[in-house]
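The values are calculated or read from the model by the stated rules, or taken from the named source; none is laboratory data. Just so we're clear, the structure is a prediction, and the values are computed from it rather than from any experiment. In this analysis, Cβ positions are derived from the backbone assuming ideal geometry, glycine residues included, and neighbour counts consider all displayed protein chains. Accessible surface areas use protein heavy atoms only, side chains included; no ligands, DNA or RNA. Shrake-Rupley method; radii C 1.70, N 1.55, O 1.52, S 1.80 Å.
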Amino acid sequence: MKRVTLTTSLWLALLVPPVAAQAQTTAIGPIEADRARIRAHLAEVEAELRAVDTSHLDLTQRRARARAIDLLHDYWVAGRFPHNTQRPRERVPVFIDADGRRCAMAHLVMETGGEEAARAIASTQNLARVTDMESEALGAWLEANGMTLREAQRVQPAYCMCPEGGNPVCGADGNTYRNRCVVDECSRTELAYEGPCTDAGPGGGDPPEATDGGCSVSAGRTGGASGLVVLGLVLALVLRRRPRR
């Protein structure tokens, strides 16, 4: 399969947020913050899936699994994720949104011949977590593609819904966000202080030291990687998949 290898500078532009010392001109909104969070999460998940020992799977399952992981990679790089338009101020899974944007799990199923099964799930269980879904077709897909339910849970993100406006706040990563909800529900960081980030910090003090907020998209905020760590994961994946000469 022909793969496209992006340059290091382009991966950096895609995944590494501005550092605290670089002032922003525009506050980060909910869709932008959600996209960055989900991209970083799925990059981590891809690395996890590739590291799994699959010797217990048969050849057909291993090939199907490898294809699914390649599809996952292309999916998160493209960054076209569903929008949560039904549950304000919380993260929920969205299998397929009203505009046809698919979550990662729906995308994998539909791109491997399971469009009918994915549509059926979206029609009755669109906001359900994979672990709560009642779908024999999904179970059969997981078996055929050598993937566990726990792995599918990791592949399935949840999405935030926050207002675009409000009072700007400064995140612990040194970026200004549109409002507190965007920091709490859409980003991978935590609140540093109310008001936009400034070089002087709140009340003329020091600017916030950039930190990593963590979030597991399926189970709340638990631990994550900084942009540089994600970059390292991406570069490792690119090098690993580079064809031998």
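Points worth noting:
- Qualifying position, being under 18 Å from the mean Cα position of the chain (by Cα) and among the basic types (Lys, Arg), among ARG91, ARG62: ARG91
- Residues located in segment 159-199, provided they are within 22 Å of the chain's Cα centre (by Cα), of a type in the set (Val, Ile, Thr) and part of a loop (DSSP other than H, G, I, E, B): THR189
- Annotation: ASN126 fulfils all but one of (1) touching a helix residue (DSSP H, G or I) at 6+ places or on another chain (Cβ under 6 Å); (2) open to solvent by 20 Å² or more (accessible area, probe 1.4 Å); the unmet one is (1).
- If you go through segment 89-117 and pick out every residue that is in a helix (DSSP H, G or I), touching a strand residue (DSSP E or B) at 6+ places or on another chain (Cβ under 7 Å) and buried (at least 19 other Cβ atoms within 10 Å of the Cβ), you end up with 1.
- Residue check for GLU134: over 26 Å from ARG180 (Cβ atoms) and among the acidic types (Asp, Glu): yes
- Selection of segment 58-88 for residues being free of Cβ contacts under 8 Å to residues at least 40 places away in the same chain, out of contact with any His (no Cβ under 9 Å at 6 or more places or on another chain) and surrounded by 17 or more Cβ atoms within 10 Å (Cβ to Cβ) yields only ILE69.
- Count of residues meeting criterion [touching a residue at least 12 places away in the same chain (Cβ under 8 Å) and either open to solvent by 50 Å² or more (accessible area, probe 1.4 Å) or part of a loop (DSSP other than H, G, I, E, B) (or both)] in segment 144-158: 9
- If you go through segment 131-143 and pick out every residue that is open to solvent by less than 50 Å² (accessible area, probe 1.4 Å) and part of a loop (DSSP other than H, G, I, E, B), you end up with 2.
- Across segment 37-51, the number of residues qualifying as open to solvent by 30 Å² or more (accessible area, probe 1.4 Å) and either at pLDDT below 95 or in contact with a helix residue (DSSP H, G or I) (Cβ under 8 Å, 6 or more places away or on another chain) (or both) comes to 3.
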